[in-house]
1. Filter the strands (runs of 3 or more DSSP E) completely within the stretch 176-249 down to those with at least 2 residues that are under 16 Å from I140 (Cα atoms).
2. For the stretch 122-131, which residues satisfy the criterion of being open to solvent by 10 Å² or more (accessible area, probe 1.4 Å) and in contact with a Gly (Cβ under 8 Å, 6 or more places away or on another chain)?
3. Looking at the stretch 429-481, which of its residues are small (G, A, S), open to solvent by 30 Å² or more (accessible area, probe 1.4 Å) and closer than 30 Å to N125 by Cα?
4. Scan the stretch 102-121 residue by residue and report those that are among the small types (G, A, S) and either open to solvent by 30 Å² or more (accessible area, probe 1.4 Å) or modelled with pLDDT under 95 (or both).
5. Out of all the residues in the stretch 392-408, which are assigned to a loop (DSSP other than H, G, I, E, B) and small (G, A, S)?
6. Can you find a residue that is out of contact with any strand residue (DSSP E or B) (no Cβ under 8 Å at 6 or more places or on another chain), open to solvent by less than 30 Å² (accessible area, probe 1.4 Å) and under 18 Å from I243 (Cβ atoms) anywhere in the stretch 393-402?
7. From the list E62, E99, E44, E68, exactly one residue is within 23 Å of L141 (Cβ to Cβ), open to solvent by 40 Å² or more (accessible area, probe 1.4 Å) and not aromatic (F, W, Y). Which is it?
Amino acid sequence: MTESTLTPELEAVVAGAAAAAPAYAALTPADRARVLVALGDALEAAKPRLVEIAMRETGLTEARLNGEVTRTAVQLRLFSETVIDGSYLDARIDYSDPEFVLGPRPDIRRTHIPLGPIINFSASNFPFAFSVLGGDTASILAAGCPVIVKAHSGHPELSDATAEVAREALRSVGAPEGVFNLIHGREAGVAVLKDPRIKAGSFTGSIGIGRLLTDIAAARPTPIPFYGELGSVNPVFITEAAITERAEEIASGLITSVAGSAGQLCTKPGFVFTPAGSALPAAISAAANDLPEHRLLDPRIAQSFNERRDAILATAGVSAVIPGGVRFDDAGHGWASPTVVSVSLEDFRLGHESLVEEAFGPLTILVETPEGTDLAALLPEFYEGNLSGTIHISADEATGTTANVGELRALVTALSKQVGRVLFNGWSTGVAVTPAQQHGGPWPATSNDASTSVGTSAIKRFLRPVAFQNVPAAFLPEALRDENPLGVPQAISPAGQSGDWGSQYRG
């Protein structure tokens with residue numbers, strides 16, 4: 001191994017994680033589940049103190065932060081159930097078969113094992129759910145890997161306080177020393193990411209920093225997987241029939257989605273395609289009465305959003321439906337109210353460079369499309385990858401019997417190629433923490449669109465498959481043994497049942 005170039009403090013952290021990796025990977029599923037439950041319980045017990053710190057550091061509301069703590073605890077407990085269930089191991093057993101169609105088949109068994117120490121770069125906009133004990137940390141620990149969390153500079157005091165809660169919880173259940181640690185500073189995070197003992201990385205943040213870290217991980221002498229969630233504009237398409245049926249409801253839902261948490265959500269709807277001349281802009285204007293301003297996370301984000309908003313409003317053809325604005329206080333913090341603008345499809349094309357990028361804050365762009373516009377064809381013209389794509393349709397259109405059913409099906413197909421989650425008649429903010437959830441998408445939504453950062457499939461990012469051929473039972477992982485002591489699902493191919501593959505499809 002290359003001699004470490006880390007500072008003594010970082011060397012102790014990385015060495016501790018590397019030393020803890022074998023012992024933590026060897027824990028029984030029940031013991032690993034206890035680790036996750038203890039972390040969830042400790043986090044909720046510390047909620048009042050942690051939320052008070054988070055409110056001060058981030059400007060997010062008490063209600064939002066309380067809900068986020070609950071969500072984070074639910075994620076930890078959900079992963080504890082996943083560990084016990086064992087289906088994430090994808091255990092497969094092909095018994096030896098001398099009569100196999102391609103010749104004698106050996107006994108082959110396949111499962112997944114933990115990668116080893118992982119570095120997780122925290123997010124600023126979710127100080128609990130995507131931070132020190134958030135979904136990435138939960139899935140890393142559930143996979144059986146030690147985690148080193150790089151704290152976000154936007155909430156350092158909260159990060160330290162949460163880390164201390166985590167350490168106490170881990171000590172209470174006898175977790176191996178070094179299985180969890182926290183570091184501060186961008187240079188420290190990069191140094192740890194480069195260390196050969198680190199086997200993967202995760203990140204939630206900007207496209208620029210995410211690309212930098214992705215490239216560092218790929219350029220190592222031994223490249224490692226890097227799972228970054230970077231940027232997304234989450235397009236929305238609304239039919240004329242949907243607007244006619246429930247314009248006020250759609251307008252209210254859009255404003256709530258855009259304004260929530262000052263628009264600082266990766267799933268905020270950034271572009272809304274509507275029929276030209278529809279009643280939606282007027283409904284949005286009416287729904288925007290008395291919307292309160294909300295503090296942005298930090299002065300840097302506030303300044304960037306203000307500049308982005310000014311550039312959008314200055315683009316030819318753009319008009320304000322809700323003007324909104326940003327007010328700066330004496331401490332340099334920005335307080336924003338929602339901005340909604342409208343632009344024709346033609347002017348959107350002409351102003352593409354100044355309009356198409358994400359605005360991280362409470363702003364969305366209505367793109368008014370002429371009758372007969374091929375909506376599915378717009379996606380590759382304007383977008384790369386996104387986390388989500390939304391379609392609002394009427395009750396009649398939902399039956400699949402209206403004249404535009406072919407257009408809607410084409411739109412669903414086009415969206416599914418460029419987003420990780422397609423949803424109907426809802427809003428992309430508020431990502432349900434469920435086993436079937438997919439929170440990812442093609443670049444630049446994520447750096448690896450084969451993964452998710454929400455839902456139980458997130459655990460797969462920090463595992464790798466290994467096949468065991470003709471291995472005596474005493475040396476097999478427990479998940480692959482015939483007696484199945486862990487009780488995990490096993491996909492079994494018995495001898496004599498291989499058949500003639502493809503015969504059922506021949507004419």
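The values are calculated or read from the model by the stated rules, or taken from the named source; none is laboratory data. Keep in mind it's a predicted model, so treat the numbers as computed, not measured. We place every Cβ from the backbone using ideal geometry, glycine too, and count neighbours over all the protein chains shown. Accessible surface is based on the protein model in full, side chains and every heavy atom, while ligands, DNA and RNA are left aside. Shrake-Rupley method; radii C 1.70, N 1.55, O 1.52, S 1.80 Å.
1. Details: elements: 180-183, 200-204, 226-229, 236-238.
Answer list for the stretch 176-249: 180-183, 200-204, 226-229.
2. Within the stretch 122-131, S124, F126 meet the criteria.
3. First, the residues of the stretch 429-481 that are small (G, A, S): 430, 432, 436, 440-441, 445, 447, 450-451, 453, 455, 457-458, 467, 473-474, 479.
Now restrict to residues that are open to solvent by 30 Å² or more (accessible area, probe 1.4 Å): 430, 432, 436, 447, 450, 457, 467, 473-474.
Correct list: G430, A432, A436, S447, A450, S457.
4. Within the stretch 102-121, the subset among the small types (G, A, S) is 103, 116.
Scanning the stretch 102-121 gives a single hit, G103.
5. Going through the stretch 392-408, the residues assigned to a loop (DSSP other than H, G, I, E, B) turn out to be 393-394, 399-404.
Residues satisfying the conditions are S394, G400, A403.
6. yes
7. On the way: E62 fails: within 23 Å of L141 (Cβ to Cβ); E99 fails: within 23 Å of L141 (Cβ to Cβ); E68 fails: open to solvent by 40 Å² or more (accessible area, probe 1.4 Å).
Exactly one of E62, E99, E44, E68 is within 23 Å of L141 (Cβ to Cβ), open to solvent by 40 Å² or more (accessible area, probe 1.4 Å) and not aromatic (F, W, Y), namely E44.
Residue-by-condition table, conditions (1) over 17 Å from the mean Cα position of the chain (by Cα); (2) of a type in the set (A, V, I, L, M, F, W, C):
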site: S388; (1), (2): no, no
site: S394; (1), (2): yes, no
site: T399; (1), (2): yes, no
site: T402; (1), (2): yes, no
site: V405; (1), (2): yes, yes
site: R409; (1), (2): yes, no
site: A414; (1), (2): yes, yes
site: K417; (1), (2): yes, no
site: G420; (1), (2): no, no
